[in-house]
Amino acid sequence: MPNSPVSPEEELSKYILQKGDIRGNGTLKYQSMLPGPDGRRSVFRIYGLSEDEIWKLALEKVVPQRPESLVGRADLLAEIVYRHQLTILPDEDLQSRHADIAGWPQDKDEKMSIAQALAEGARVKRWTSQASRS
Amino acid sequence: MTTLTANPAYSAFEVLGLSSTSSQGPIHELVRKQSEHFDEPATRQKNRESFDAVFEVYSTHCEPGWDGYNANPLSQAAFKEAVEFLRKLPSTILFPEVVAEPDGDISLEWYMGNNFLFAVSFAGKGLISYAGTFGRGPSVHGREFVSESIPQSILENIRRVLLQR
């Protein structure tokens, strides 16, 4: 189980639910990392989990009603998030493994620039029905 | 079921649920302008391409939560600004990809490989936000007002990223 503060060495996963978020060459579009209207970007802490468990987390917590909408995930180190003066706020219930990337600047151009850096540092893994067994 | 015709401006009226006789709303004005441009052979193809590209993204991202999380629906004002920007774009510049953003804004992106991309974003509030990365060089970001022509700083950054082709 992860500790309350997210360490820079921890990996985070942003589950991808839109096909268009992944380019043809397998890279992540930065728009996928932008914060939502609540000023946060939802991620999961995957420290200590196997590949199978990481995908299970998505199926149980993100898309339980419509697993067909899972496209993949983008993994990135928390250190990249901290490098841009953002914060990572874990849920009080640590078992949920959910966290939000928060503390985004007000101006849209700054958010875009940071999201571009996060997307650049992310590793995309596509979901297939066999992915959880690989 | 909506019947789509050969005229995308007419299709837009129907899909957006607007009366073709209505005289209000930014989308109506845009559609009307688009219809006028269809009669001008020199600009017809580019205007149609611009309108269609943005409209396709707009019409498929106009419900809240379209990203599977809590995204805002794309705004009509952002739609209008993105189309107008594309119309002003010099024909020598590669057509960008139109991408929806979770805050309801619309971005146009020129992507030339990882580390080489430039994007402009429209919120429908008279400002163009932009950001880009150019390999090992410093990244850029900033804002410009929407105006009659595309700001020089934005054109320069688009050309800069396109040099990587």
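What follows draws every value from the coordinates through simple rules; no lab data is involved. Remember, it's a predicted structure, so these values are computed and weren't measured experimentally. Please note: Cβ atoms are built from the backbone with ideal geometry, for glycine as well, and neighbour counts cover all protein chains shown.
Structural remarks
- Scan the stretch A:36-70 for residues that are part of a loop (DSSP other than H, G, I, E, B) and in contact with a Leu (Cβ under 6 Å, 6 or more places away or on another chain) and the total you get is 1.
- Restricting attention to the stretch A:69-108 and to residues that are more than 20 Å from A:Ile46 (Cα to Cα) and buried (at least 19 other Cβ atoms within 10 Å of the Cβ), the residue that is nearest to the other protein chains (Cβ to nearest Cβ) turns out to be A:Lys108.
- Selection status of B:Ser129, more than 11 Å from chain A (Cβ to nearest Cβ), out of contact with any Pro (no Cβ under 9 Å at 6 or more places or on another chain) and hydroxyl-bearing (Ser, Thr, Tyr): no
- Residue among B:Val83, B:Val99, B:Val146 that alone is closer than 20 Å to A:Arg23 by Cβ and either more than 9 Å from every other protein chain (Cβ to nearest Cβ) or under 11 Å from the mean Cα position of the chain (by Cα) (or both): B:Val99
- Counted residues, the stretch B:102-126 - those being farther than 29 Å from B:Pro73 by Cβ and within 7 Å of chain A (Cβ to nearest Cβ): 2
- Candidate set: the stretch B:56-76, residues that are over 25 Å from A:Ala58 (Cα atoms) and outside any loop (DSSP other than H, G, I, E, B); chosen: the one nearest to the other protein chains (Cβ to nearest Cβ): B:Val57
- Within the stretch B:115-137, being polar (S, T, N, Q) and touching a Lys or Arg at 6+ places or on another chain (Cβ under 9 Å) holds for B:Asn115, B:Ser121, B:Ser129.
- Filtered residues of the stretch A:13-35 (kept if within 10 Å of chain B (Cβ to nearest Cβ) and part of a helix (DSSP H, G or I)): A:Gly20, A:Asp21, A:Tyr30, A:Gln31, A:Ser32, A:Met33
- Residue-level check: of (1) within 14 Å of chain B (Cβ to nearest Cβ); (2) assigned to a loop (DSSP other than H, G, I, E, B), A:Lys111 misses just (2).
- Exclusive hit being within 20 Å of A:Ser113 (Cα to Cα) and either surrounded by 14 or more Cβ atoms within 10 Å (Cβ to Cβ) or of a type in the set (A, V, I, L, M) (or both), set B:Leu108, B:Leu89, B:Leu74: B:Leu108
- For the stretch B:132-156, residues that are out of contact with any strand residue (DSSP E or B) (no Cβ under 7 Å at 6 or more places or on another chain) and in a helix (DSSP H, G or I) total 3.
- Residue in the stretch B:92-101 that is touching a Leu at 6+ places or on another chain (Cβ under 7 Å), under 23 Å from A:Arg40 (Cβ atoms) and not aliphatic (A, V, I, L, M) present: yes
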